[in-house]
Amino acid sequence: MLTAYLKRQWKLLLLLAGAVAVFAAVFALYSLPVEAVAYAGLLCLMLGLVLFALGYSAFLRRHRELEGLLRKVHESVLPLPPPRGVLEADYQALLRAVCADRVRLAAENRDRLEDMTDYYTLWAHQIKTPIAAARLLLQEDPGAVGTEVEVELLKIEQYVDMVLGYLRLDSESTDYVLRDTDLDGLLRQAVRKFARMFILKKITLDFRETGRTVLTDGKWLSFVVEQVLSNALKYTPAGGRIRIYGDGETLVIADSGIGIRPEDLPRVFEKGFTGYNGREDKKSTGIGLYLCRRVMDRLNHWISIVSRPGQGTLVRLDLSRGRRVVE
């Protein structure tokens, strides 16, 4: 701290050294007694030490005040000390204006996020009510409704899960619990969830067990697998085929669907992008694959897609902990 203060006062120290040199030169030119020079120098030294001590004490006190303000930087109003001079008052006025603008922006963002969260949370809970009621009707009188209704209920559940995933993805309360997860068990659970859709569309499933245990968050990886599987079922025509198998560190989900156009392929992970297929389908949200990419990034995994129109789509989920760069 002493070194910092000396660097701050280097101009004054240089001036004092110059003054001492001038006095010494004058005394030498007029052949004045050395005792007079020494006495004058001693008096100046004592006065300089007193002024130095006072200045250094004020410097330390100011430094401690600023350190205290640094610890309170997250407060809406900083308790700034009284300004010492016009320039310091200008700096404090500028700092207050920046803090006020920061508080205003933070309040606007917080209000906007709270409104959005409240709306989607209410919507999610409201839409789960008819889902539960419809499932109860199916259990009480299965012959009164067709399999198509159950498939539609599954789609509604998918949309609800998508909204909740979107809300929770950047939430401060969202935690990712990484543990060893049975990949085949996770895949079987996802396949069972979509079993009705496989039967209704007469789509063949070729599921080859991977025999792997991966370090991941099972809940969020299930979300990604279900989104990819939902897309495969959605865009695969009746009588088609979906394959699920392992390829080294990679899980592959491939379908024989309509595929993705080459010009749309680089943008499929963009938020809100639906592409040609989404515009034709009229029901695509452009959120599913965006969320998949975000979740895989959070898990330090990687997702990539290869597709050809009319030949199908192949999705690779690289579940290794070190994320690779896709070429």
TODO: Could you provide, to the nearest whole Å², the per residue accessible area of the range 127-256 with probe 1.4 Å?
DONE: 52 Å²
Open item on the list: 7 Å from Cα along Cα→Cβ at both Ala53 and Val149: what's the point-to-point distance in nm?
Closed with: 9.4 nm
TODO: List the residues of the range 189-219 whose backbone N lies under 11 Å from a point placed 7 Å from the Cα of Leu138 along the Cα-to-Cβ direction.
DONE: 193-197
Open item on the list: Just to check I understand the Karplus step: with θ = phi - 60° and J = 6.51 cos²θ - 1.76 cosθ + 1.60, what whole-Hz values come out for the range 42-55, glycine and proline as x?
Closed with: 5, 4, 5, 5, 5, 5, x, 5, 5, 5, 5, 4, 5, x
Open item on the list: Between Leu43 and Glu270, what is 0.36 nm times their sequence separation minus the Cα-Cα distance? Round to one decimal in nm.
Closed with: 74.1 nm
Open item on the list: Could you give each residue of the range 235-243 its phi-based ³J(HN,Hα) in whole Hz, using Karplus coefficients 6.51, -1.76, 1.60 with θ = phi - 60°, and x for Gly or Pro?
Closed with: 9, 9, x, 4, x, x, 9, 10, 10
Task: Projected label distance in nm at Leu95 and Phe23, using a 7 Å step from Cα toward the beta-carbon - done: 3.8 nm
Open item on the list: What does the charge count around Thr181 come to, taking other residues whose C-beta lies under 12 Å from its C-beta (Lys +1, Arg +1, Asp -1, Glu -1)?
Closed with: -1
Open item on the list: Run the numbers for Arg64 and Met116: contour at 0.36 nm per residue of separation, minus the present Cα-Cα distance, in nm.
Closed with: 14.5 nm
Task: Cα-centre dipole for the range 159-278 with unit charges at Cβ (Lys and Arg positive, Asp and Glu negative), debye to 20 - done: 660 debye
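The values are calculated or read from the model by the stated rules, or taken from the named source; none is laboratory data. The structure displayed is predicted, hence computed values, not measured ones. Glycine gets a Cβ as well: all are built from the backbone with ideal geometry, and neighbour counts include every protein chain shown. All accessible areas refer to the heavy atoms of the entire protein, side chains included, with ligands and DNA or RNA removed. Shrake-Rupley method; radii C 1.70, N 1.55, O 1.52, S 1.80 Å.
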